[in-house]
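Let me begin by presenting the structure, written as structure tokens, before commenting on it.
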Amino acid sequence: MGLLEGKKGLILNIANDRSIAAYIGDHAVKQGASVGIGFLPMGNLEKSQRRAGKAMEEHGFGGAWMHPCDVGSDESIAAFFAAAKEKFGTIDFLVHSLAFADYNYLKTDEGVFTSTPREVFRQALDISAYSLIALARAALPMMPEGGSIVGLTYLGSERVVPGYNIMGVAKAALESSARYLAYDLGRKKVRVNTISAGPIKTLAASAVGELDEMFAHMEKKAPLHRNINADEVGKTAVYLLSDLSSGVTGENIYVDAGFNTVGL
Ligand SMILES: NC(=O)c1ccc[n+]([C@@H]2O[C@H](COP(=O)([O-])OP(=O)(O)OC[C@H]3O[C@@H](n4cnc5c(N)ncnc54)[C@H](O)[C@@H]3O)[C@@H](O)[C@H]2O)c1
């Protein structure tokens with residue numbers, strides 16, 4: 001029997017077959033879960049839907065329920081959860097695997113971080129961090145028996161990773177929000193945790209400056225002397241979404257080949 005047998009959950013968002021969300025969906029379904037998927041309607045709705053649908057097929061859960069969701073819009077979040085409620089009734093888990101910051105401010109050049117405009121800060125924090133609170137609030141009525149919420153973060157929240165810049169600030173807010181949500185929702189038996197993943201080649205990651213250097217540095221310095229893959233994030237997500245982690249909340253788990261533990 002799978003670790004998520006009989007459980008239902010929502011995973012936001014899949015952009016393409018490389019999306020970490022697609023790997024989490026893959027592993028959740030393999031462990032017996034029914035999943036509903038979010039995708040961002042970018043310009044052409046059908047095109048975004050087709051790309052996410054193709055990714056789901058490639059990951060072995062083609063045909064699963066999917067619906068557009070732009071977390072920058074309260075109306076879009078409400079429409080997503082209204083449709084999800086109609087489809088699933090109740091859910092057992094929610095995955096927040098999405099982020100955005102203007103790539104012009106994710107460069108390693110001197111002075112770029114200092115030049116971050118107010119609007120770029122606001123948008124990065126809104127889309128990448130506030131959205132966890134908004135999605136948790138929307139999901140709560142669908143979790144009458146409690147549940148598990150997981151968000152995706154990166155070490156750039158705690159340490160300076162050149163080029164990660166404003167996204168690091170947003171991830172610090174995301175991690176802190178996860179802890180406050182864990183405290184706020186604990187009596188409702190809703191657990192909230194984050195996974196801090198090492199660098200993985202995805203659409204979002206390609207916006208960050210000098211990604212290849214990060215991969216090379218990981219191989220050289222991480223205790224496992226290699227990079228991680230999205231499959232490994234998917235497996236840890238299953239642990240956090242399942243009853244195996246029933247006593248764990250407000251935590252951040254590193255899936256980074258141990259890199260965060262190394263000082264030099
Ligand atoms: N790839 C990495 O190296 C890495 C490492 C650690 C953490 N993460 C985190 O993992 C999560 C998933 O990213 P990914 O690497 O799979 O890249 P991705 O580009 O596949 O996923 C990012 C998702 O965010 C969505 N998104 C952007 N703006 C949105 C909005 N306004 N409303 C709703 N969705 C929106 C995109 O549509 C996309 O589906 C992100 O939180 C990212 O920061 C990634």
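Taking the centroid of alpha carbons for each part, the range 178-221 and the range 118-168 are 10 Å apart. Nearest 10 degrees is fine. How inclined is helix 211-221 to the longest principal axis of the chain, computing both from alpha carbons? The angle comes out at about 80 degrees.
Tell me the angle of helix 165-185 to the major Cα principal axis of the chain, expressed in degrees between 0 and 90 and rounded to the nearest ten. Approximately 40 degrees, to the nearest ten.
The residues of the range 109-264 expose on average 49 square angstrom of accessible surface per residue, using a 1.4 Å probe on protein heavy atoms.
Only Lys, Arg, Asp and Glu carry charge here, each on its Cβ (+1 for the first two, -1 for the last two); on that basis the range 67-206 has a dipole of about 420 debye about its Cα centre.
Set against the 2.2 N^0.38 Å expectation for a compact globular protein, the range 1-112 has a Cα radius of gyration ratio of 1.15. Highest mobility in the GNM of the chain, judged by mean-square fluctuation with C-alpha springs under 10 Å and restricted to ASP212, ASP17, ASP126, is found for ASP212.
Assigning unit charges at the beta carbon (Lys, Arg +1; Asp, Glu -1) and nothing else, what dipole magnitude in debye, to the nearest 20, does the range 1-65 show about its Cα centre? List each step's numbers first, then the result.
Working: 8 positive and 6 negative charges, 23 e Å.
Approximately 120 debye in magnitude.
For a protection proxy built on the mean count of beta-carbon atoms within 10 angstrom, sort 253-259, 35-41 highest first, please.
Numbers: 253-259: 19.7, 35-41: 22.6.
Ranking, from highest mean packing down: 35-41, 253-259.
Once the Cα atoms are used to define both axes, helix 45-58 deviates from the longest principal axis of the chain by about 90 degrees. Dipole orientation for the range 8-261: of the candidates ALA79, GLY32, SER19, GLY32 has the Cα lying most toward the positive pole (charges on Cβ; Lys, Arg +1; Asp, Glu -1). The range 8-74 and the range 94-116 have Cα centres lying 23 Å from one another.
With Cβ to Cβ distances under 12 Å as the rule, what net charge do the other residues near ASN252 carry (K, R +1; D, E -1)? Neighbourhood net charge equals -2. For LYS220, the accessible surface of its heavy atoms amounts to roughly 150 Å² (probe 1.4 Å, protein chains only, rounded to the nearest 10).
Placing +1 at every Lys and Arg Cβ and -1 at every Asp and Glu Cβ, with all other atoms neutral, what dipole size does the range 8-261 have around its Cα centre, in debye to the nearest 20?
Details: 25 positive and 28 negative charges, 90 e Å.
For the range 8-261, the charge dipole is close to 440 debye.
In the chain, the sites counted are GluC sites (Glu not before Pro) in DSSP loop states with at most 11 other Cβ atoms within 10 Å, and the longest stretch holding none of them, exclusive of the sites, is 146-264.
Applying the criteria of a DSSP loop state and at most 13 other Cβ atoms within 10 Å to the trypsin sites (Lys or Arg not before Pro) of the range 1-49 yields no site. Take the Cα of ASP212, step 7 Å toward its Cβ, do the same at ASP109, and the gap between the two points is 2.0 nm.
Across the chain, the convex hull enclosing all Cα atoms gives 126 Å³ per residue.
The values are calculated or read from the model by the stated rules, or taken from the named source; none is laboratory data. Computed from a predicted structure; not experimentally measured. Glycine gets a Cβ as well: all are built from the backbone with ideal geometry, and neighbour counts include every protein chain shown. Protein only, heavy atoms only, side chains kept; ligands, DNA and RNA dropped before computing areas. Shrake-Rupley method; radii C 1.70, N 1.55, O 1.52, S 1.80 Å.
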